[in-house]
1. Of Glu793, Glu789, which residue is surrounded by fewer than 22 Cβ atoms within 10 Å (Cβ to Cβ) and out of contact with any Phe, Trp or Tyr (no Cβ under 7 Å at 6 or more places or on another chain)?
2. How do the helices (runs of 4 or more DSSP H) wholly within segment 311-430 filter down when requiring 1 or more residues that are at pLDDT 75 or above and assigned by TED's automatic domain parsing to the domain that holds Phe249: which remain?
3. Specify which of the listed residues (Ala308, Ala322) is surrounded by fewer than 22 Cβ atoms within 10 Å (Cβ to Cβ) and within 19 Å of Leu244 (Cα to Cα).
4. Need pairs with beta-carbon distance below 8 Å; first residue without any contact (Cβ under 8 Å) to a residue 60 or more places away in the chain and within segment 731-742, second of a type in the set (Ser, Thr, Tyr); sequence gap 6+ or separate chains.
5. Which of (1) loosely packed, with under 15 Cβ neighbours inside 10 Å; (2) over 26 Å from Glu1049 (Cβ atoms); (3) not small (Gly, Ala, Ser) does Pro688 not meet, given it meets every other one?
6. Can you tell me which residues in segment 760-813 are part of a loop (DSSP other than H, G, I, E, B) and either in contact with an Asp or Glu (Cβ under 8 Å, 6 or more places away or on another chain) or within 14 Å of Tyr720 (Cβ to Cβ) (or both)?
7. Looking at (1) modelled with pLDDT of 85 or more; (2) of a type in the set (Lys, Arg); (3) more than 30 Å from Ala351 (Cα to Cα), which is the only condition Arg862 fails?
8. Can you tell me how many residues in segment 888-933 are touching a residue at least 24 places away in the same chain (Cβ under 8 Å) and of a type in the set (S, T, N, Q)?
Amino acid sequence: MAFLQRLFKVYPGEGRRLILFTLLATLLQAGVAIGLSIADSVFLSRLGAGSLPVVYVTAPIVMVLFVPFLSYSTSRMGIDKVFDLIQYILIGGGLFFFVALSGWFPALGESTIVLYLLRLYAYIWLVSLYTLFWNLVDGYFDILDAKRLYPIFGGGLAIGSALGGGLVTAFSGMIGSHWIFLLWPVMASLSIFVALVLRRSERKIDDDAEENKEGFLDQNAKVLKTAGKSSYVLLINLVMFGTLVLTTFTEFQYLDIFSAGRNEQELAAMFGMLFLVVNLVNVIVNFFLFNRIIVLIGVKNALLIQPAIYLLAFVFFFFDGAEYAAIFGFLAYHGFYLSFDANNWNFLFNASPSEVKKEIRTFTEGLMDPLATAVAGFFLLLAGSAMASSIDWLSLENLGTIGLGLAFLHLGVAFLLRNRYPTAIMENLRKEWLNFSVSRKELREKFAEEDLESFQMDSLNPTSAAHFSSIRFLGLKRKAAALESLILSFSEDPDHQEERSEILAELLEEEDSFVVQRVIQWAEQEQQSFPVSVLRELGSHGLIPSRKAMPLLASESAGDREAAVVALWNSRDLQDNFMALDELRTLLDGSEAEKASAISAFGFTNKESYAHSLVAYLDDPSPEMRSRALESIRMLVGPASGRLIPRILRTMEHASEEDRFRGIEILERIQDAESLFPLFRMAQEFNPRQRRRVEMFARSLGLKSVPAIVAVLDNDSLPYRSRSLAARTLSHLSFAQLDSMVGEIVETEIQTSYLYLDRAFVLRNSEETSPSIYLLGQFYEDMQQVTLEFVLELLALAGRIPDYEQIAASLRSANPRTRGDSIETLEQSVHRTVFRNILPLVDSRPLEEKIEFYYRNFSGSRDSAQAILEKALKGKNDLEKALASQALFESRGEKSLDRIYRAEPFSGPISRSVYLSLSEGPDHPMNPVERLQALKSEPILGGLSILNLRSPAVEAVYREASNTTLYSRGDRADALYLAVEGNFQVSDGGKYGVQTGYEMLEALGTGSNHSGTNGKALDSGNDSDVLRRATVTMKTGSYLEIPRSSIEEMLESDPQASIAILEALSK
């Protein structure tokens, strides 16, 4: 059994589903083969091949009426109910034709109409049952499963055809045709039973959509409208139309040759034997060749095989119209077409618009087949009529020549569909995800009048969550309206004046004459009620006269005196400038508040030399003083300030988010490429907005930044985020340079991804178990995913795949179909060798098979758990070293300290903290790794990755409890608490984690987080509204206090963590 599973690539747990679908395919196709064989033999023997064009012309009329109802029924009732209904119709129809062919009622048996109906009946279900079966199968498998398993189902269809043909051959000389035809409704009855078992035992990957309430005409109009907008659907229909026209010509040719000189019994026996032999070949193709060919050449290239086969068939008909050409024509249709091309269409339809995929398939297969048959039939009727005698080339004798020309044209259209397939798959992925890639400029250009009206309404409401963003967006198109809304906002809401001042500065940047005049008017009217930030901003633009600024020098408020200094410094009167300098000296010698005001005022002096004097304040103990100094330096520096770079970079390492943005802007103003390498190295700790700002800075430097960026990208000791940022930047600055590097880096990182996977596998199955070994295994799982996404990003940036963000997001999706489409996009985009190496990392095969692939292709030996720990101690990642140090200590005790020390544990803050903690012995303080272990046991945070929890683990504070009140009802929720030893007691008999505990997590993001142009979050909400719902105490024990800032840093750094927390909170 294991051998068969490996041979057919069947994963554990798939056996029952595979058997049921294969059996269903066999029963359906056996019935069709029986019915078609009997219908062809009776029709040809009684009416002859010359009557076939009538069937070909009539069939489309029937299908045009039938297919819309089938499509509508599928949408309205669901595929399962439609399947059962059609089986019941087959049973009733089969019984009718059994009676008609029996001769019991001569009027029926001798009726020409009944014979035509019999041939049409067999044709309709030949087309419709095939579509119905694959639509049913499509609900249970994604495209990756399809490539493994659909050939087996195709083999089931081939077995059914062979079985049906064998039964016809075996019984044709023994019993009448009507008794053989009766086997078809028997097969339909068995199919109902198998489908029932299948539905009760197997679960779909996408449940049937909610019942469609649209009417018949509306639903079909929607399908046609969607199809009409898709060039891919148009090409699918053209290629299928061409294939089926050639199929009809081929069928007519071989039927005409076979029918010469044979009676009904001989024809039935011959068709039965041909169906048997050809479908035995089809079984071999489906079971052993099809999926291997698809893997080798891909779906889009396999599309070209059938057009080439028909081209060859018409070459044979053209040069030799004997039995051998007819046999090859039968093989081209019932062999290659049904076993290979029809299976490949299952993959091609997967790229059609996802919202109406089943309906489009029903329309395409249901209408293109009869339409193509009708066109071919009309042509055959015309070619066989008397009218054709007047046209030399229009005759049945020239059908081989005409078919040969059409085959060449058909091959060209197939090439167009081949090239469109990868793009269509990507468009389907794009529909599953929101597009956040639109730039600010593009967004602004898309603003309609109704958007601007909406912004204006929100801009007039200071309590709106979108208040500040609305003013900013309104200012892009309507500056006057934005300024009036801002003035109103100043007067109605006393909070968040700094944010309003920033918006005012943005509106004044372009020095619009109306804006300046309106601000001067406002200043004349409202100066006394202005906050300091506004006075300072207006003063920096010279909009406050010195006569109005001088009285502020006598104020007791340091802020007022700061605003006066700024206004006087920007005056054109030299005496005012001297007064400003004198006041600056006074403020610097004053209190802390006065000193802070002086530092802020220096930023408005426009004197670059003052920036060097302010550097000393970057070491001030006060965070506010450091922030003010950094902001003033930002306003003063220029290209001549290169000596400040090392000091600014050092300040940024442990700075707040706002200060990091200030630091980046300082480096932007200095414009020195030497700052890039250390800045990129620091990017691991940056959030996405900060990394984007760094990228913009590097790109602004032009080609002189390329050497530093190449050094970052090529340095595998740097974090992946740093290298990812370098790759993104390099793709804009020097694509040729990036393209030359990507191949080697991708190959190396794929091997590294497998290495991480192998290490995780070894540690997971190790006999040596400890909490830290478990965490280290999870760390390697996380790193494997990070490495894989880095590879995908490189491929996208180098133009090898279309869209990294969407493919990476789709690979993380819980929907197997979405994941399958993303993998199919990869296969159609990258080099075959690259895809072959990536595929085990992204598909659903068992972990053991992935590891086996790794050793078969990349590595010959496996490390033990201890060897992995030793290598981790020497690793480049600080967290990896810390986890390995803790794991060694847990397994060897204090004897491991010497080994840990020799691994240089002081190279990173986490590994250093762990070593110092362990050095204090068994009763050491709780270190970051032990805090990480505790966080992994927390119900909400435990589902996050090790990399996500790094910041909370480092920032969490361990505390002992002794009748301690952690917080009281109504307190502000600014931390998360986790019991390490003991339990929390909740007031009023509540339960921690239910009534209270997660208020802070629930509130994250509920405030307004409208980002300004400098990337800072502008919180227009009131944090004090996030209040505790109960009082929590702890009598004895210990707990961790996790500050809100560390959680926010984690969420800003990786948005996926936000999604995981929301999912956990919703359970």
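1. Numbers: Glu793 fails: out of contact with any Phe, Trp or Tyr (no Cβ under 7 Å at 6 or more places or on another chain).
Checking each option against the conditions leaves just Glu789.
2. On the way: elements: 323-330, 342-349, 357-363, 369-384.
The qualifying helices (runs of 4 or more DSSP H) are 323-330, 342-349, 369-384.
3. Numbers: Ala322 fails: within 19 Å of Leu244 (Cα to Cα).
Answer to the selection: Ala308.
4. Leu733/Ser705
5. Answer for Pro688: the failing condition is (2).
6. From segment 760-813, those part of a loop (DSSP other than H, G, I, E, B) are 765-770, 798-803, 812-813; that's our starting set.
Those that are part of a loop (DSSP other than H, G, I, E, B) and either in contact with an Asp or Glu (Cβ under 8 Å, 6 or more places away or on another chain) or within 14 Å of Tyr720 (Cβ to Cβ) (or both): Ser770, Ala798, Gly799, Ser813.
7. The one condition Arg862 does not meet is (1).
8. Of the residues in segment 888-933, 6 are touching a residue at least 24 places away in the same chain (Cβ under 8 Å) and of a type in the set (S, T, N, Q).
The values are calculated or read from the model by the stated rules, or taken from the named source; none is laboratory data. What you see is a predicted model; the values in this text were computed from it and never measured. Neighbour counts run over all protein chains shown; Cβ positions are idealised from the backbone, glycine included.
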